[in-house]
Amino acid sequence: MGQKLTVGDFGRNLREARKARGFSQEGFAHAVDLDRTYIGGIERGERNPGLKVIVRIADALGVEVAELFKH
């Protein structure tokens, strides 16, 4: 069986995509109408966002949801 994606992997993918698009954590949090500390928690692997939040994040980044789940 292949490697399993962790919450930390998802957070790293989010951070990379956010930075690649020139968003600060605060600016991105504002764009998705979430608290900056919540975004930071996701990026550090401390928070496990629900599907609705994941879809909002992907939409704000202009990526497919699957892009955030890559290894």
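Looking at this structure, is F23 under 11 Å from the mean Cα position of the chain (by Cα) and at negative phi? No.
Of all residue pairs spaced 6 or more apart or on separate chains, those with beta-carbon atoms under 8 Å, a first member in segment 50-71 that is among the basic types (K, R) and a second member that is open to solvent by less than 70 Å² (accessible area, probe 1.4 Å) are R56/V32; R56/L34; K70/N13.
Taking residues in segment 1-22 that are closer than 15 Å to R44 by Cβ, and partners anywhere that are of a type in the set (D, E, K, R) and open to solvent by less than 70 Å² (accessible area, probe 1.4 Å), the pairs with Cβ atoms closer than 7 Å and at least 6 places apart or on different chains are G11/E43; L14/E43; R15/E43. If you filter segment 49-66 down to residues that are closer than 18 Å to D9 by Cβ and over 10 Å from the mean Cα position of the chain (by Cα), you find that the one that is most open to solvent (accessible area, probe 1.4 Å) is E64. Starting from residues that are aliphatic (A, V, I, L, M) and closer than 20 Å to A66 by Cβ, keep the ones in segment 5-38 and report whichever is most open to solvent (accessible area, probe 1.4 Å). The selected residue is A20.
The values are calculated or read from the model by the stated rules, or taken from the named source; none is laboratory data. Bear in mind that the values here come from a model prediction, so they are computed numbers and not experimental data. We place every Cβ from the backbone using ideal geometry, glycine too, and count neighbours over all the protein chains shown. These accessible areas exclude ligands, DNA and RNA; they are computed on the full protein's heavy atoms, side chains included. Shrake-Rupley method; radii C 1.70, N 1.55, O 1.52, S 1.80 Å.
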